[in-house]
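Enquirer: Sharing a structure with you now.
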Amino acid sequence: MDFFINILSVSLYEGLAYGLLTIGFFITFRVLDFPDLTMEGSFPMGGAVAAALIVYAGWNPFLATFGAVIVGTFTGFVTGFINTKLRVTALLSGILMMVGLYSVNLKIMDGPNIALLRHDTVFDLIGNVIGLSKMYLAVVVAGAFALTCLFLLNWFLHTEIGLALRASGDNEQMVRGVGADTDKNILIGCGIANGMIALTGAIVAQYQGFTDVSMGIGIIVTALASAIIGNAIFRPKSVIGMLLACFGGSFLFRLILTLALRLGMPPGDLRLITSLMVLIALTIPLFQKMARGEWVPPAPRL
């Protein structure tokens, strides 16, 4: 029983923490239709900024985490600026930022990594108040951040600006036709998305006790797998449903990986499992249409 409780606790914490990452991915790739690869740089940047402010500047961990969100948001703005004002394609804008942020993160950390083991983190401060074990404390802290972001983002996406942002991804030409500024919407969307991704990096770095410049490698595949699994299984119809599906998909994805590791699968095989999960989730609609006898169009090339 303890074995399953431990697996569920680990998966729940990681599902909540990485669910914020998945929502950031969802905002750019699905809401804005903007293939932003900046997240491979903004995720470790969140951890780098939070760790540097805690260790080198002596900041309160909550303020350091907020500082990581601000820097991540600014990173998203820069990506949006390169695309909207410098007229570089969205994909290339993200690649340029992702590559450049690797060097920026090295400068922020003054090296490839920073250890946080002898410094207080948000987990330590909250743990001193409520006195839970590390695993349950992780679930509470990640859950608090997740609920706060979920509430704020659901509210924002129902505002006038949020509706315009959602419309920009669905039909940019129509939004331009009614006089709305789609460039502003892209800047806002990229900023919010990368702010949430940086928040995930800050939380993960403080929980694991260190941050590393390479911790963002493969994070796009993680977010993609979580988003696809959540959408395929829960089939959300509303904004809040889509946001909750990101957390649900993230939890299921982390649960499968945790089970695979606990059952003795080599860590090097996890990427193969991830690829298979994404492939299965992507092909579910295909087989459903084939079972109903519907025509399936060829896959787009871009």
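A short reminder: the numbers here are calculations on the coordinates, not readings from a lab. Bear in mind the structure is a predicted one, so any value in this text is a computation, not a measurement. All Cβ positions, glycine included, derive from the backbone under ideal geometry; neighbour counts span all protein chains shown.
Enquirer: Quick one: if you stick a label point 7 Å off each Cα along the C-beta vector at R271 and K184, how many nm between them?
Expert: Result for the modelled spin labels: 4.3 nm.
Enquirer: Show which aspartates and glutamates lie in cross-link reach of K184 when reach means a straight Cα distance below 19 angstrom and same-chain residues fewer than eight apart are skipped.
Expert: Once the sequence-local aspartates and glutamates are set aside, what remains near K184 is D33, D36, E160, D170, E172.
Enquirer: What is the extension gain from Y136 to T159, computed as 0.36 nm multiplied by their sequence separation minus the C-alpha to C-alpha distance, in nm to one decimal?
Expert: Working: separation 23, 0.36 × 23 = 8.28 nm, distance 3.49 nm.
Net length gain for the segment: 4.8 nm.
Enquirer: Under a 5 Å amide H to amide H cut-off, with H placed in plane at 1.01 Å, what residues pair with F210 once short-range neighbours are removed?
Expert: So F210 has HN proximity to L116.
Enquirer: Just check the chain against the gyration tensor rule for me: Cα atoms, a ≥ b ≥ c as the square roots of the eigenvalues, rounded for a/c under 1.5, and otherwise prolate or oblate depending on whether a/b exceeds b/c.
Expert: Working: a/c = 1.66, a/b = 1.18, b/c = 1.41.
It is oblate, given that a/c is not under 1.5 and a/b is not larger than b/c.
Enquirer: A further question on this structure: Can you pull out the chymotrypsin sites (Phe, Trp or Tyr not before Pro) in segment 193-302 whose DSSP state is coil and whose Cβ has at most 14 other Cβ atoms within 10 Å?
Expert: Numbers: sites: Y207, F210, F234, F247, F251, F253, F287, W295; in loops: W295.
Sites meeting the loop and neighbour criteria: W295.
Enquirer: Can I ask one more? With each pseudo-label sitting 7 Å past Cα toward Cβ, what's the L259-A57 distance in nm, one decimal?
Expert: The two pseudo-label positions are separated by 4.3 nm.
Enquirer: Excluding residues on the same chain fewer than 8 positions from K289, give the lysines whose Cα lies under 23 Å from its Cα.
Expert: K237
Enquirer: Still on this model: Under the rule a/c < 1.5 gives rounded, and otherwise a/b versus b/c splits prolate from oblate, where does segment 24-120 land using the Cα gyration tensor? Can you show the working numbers first?
Expert: Details: a/c = 2.67, a/b = 2.03, b/c = 1.31.
It comes out prolate by the Cα gyration axes.
Enquirer: What is the chain's relative contact order, in percent, from Cα pairs under 8 angstrom and six or more apart in sequence? Could the numbers behind the result be given before it?
Expert: Working: 458 pairs, mean separation 104.0, N = 302.
Rounded, it is 34 percent for the chain.
Enquirer: Can you give me the span-like helices of the chain, meaning DSSP H runs with 18 Å or more of Cα extent along the axis and Kyte-Doolittle mean at or above -1.0?
Expert: Working: long enough: 2-26 (34 Å, 1.32); 39-55 (23 Å, 1.38); 61-84 (34 Å, 1.37); 90-109 (28 Å, 1.64); 134-157 (34 Å, 1.86); 182-208 (39 Å, 0.75); 219-234 (22 Å, 2.19); 239-262 (35 Å, 1.85); 270-291 (31 Å, 1.59).
Sorted by number, the helices that extend far enough and score high enough are 2-26, 39-55, 61-84, 90-109, 134-157, 182-208, 219-234, 239-262, 270-291.
Enquirer: Once the other residues with Cβ under 13 Å from the Cβ of V104 are scored (Lys, Arg +1; Asp, Glu -1), what is the net sum? Don't jump to the answer; show the numbers that get you there.
Expert: Values: positive: K107; negative: E40, D110.
Charge balance near V104 sits at -1.
Enquirer: Enter the Cα centre distance for the pair segment 247-295 and segment 201-229, rounded to the nearest angstrom.
Expert: Cα centroid of segment 247-295 versus Cα centroid of segment 201-229: 18 Å apart.
Enquirer: Moving on to the next point. Take the alpha carbon atoms of segment 151-200, find their center, do the same for segment 93-145, and report the distance between the two centers in whole angstrom.
Expert: 27 Å
Enquirer: Mind giving me the FRET efficiency for K237 and S214? R0 is 35 Å, r the Cβ-Cβ distance, nearest 0.05 is fine. Write out the running numbers ahead of the final one.
Expert: Values: r = 38 Å, r/R0 = 1.10.
That pair, K237 with S214, gives E of 0.35.
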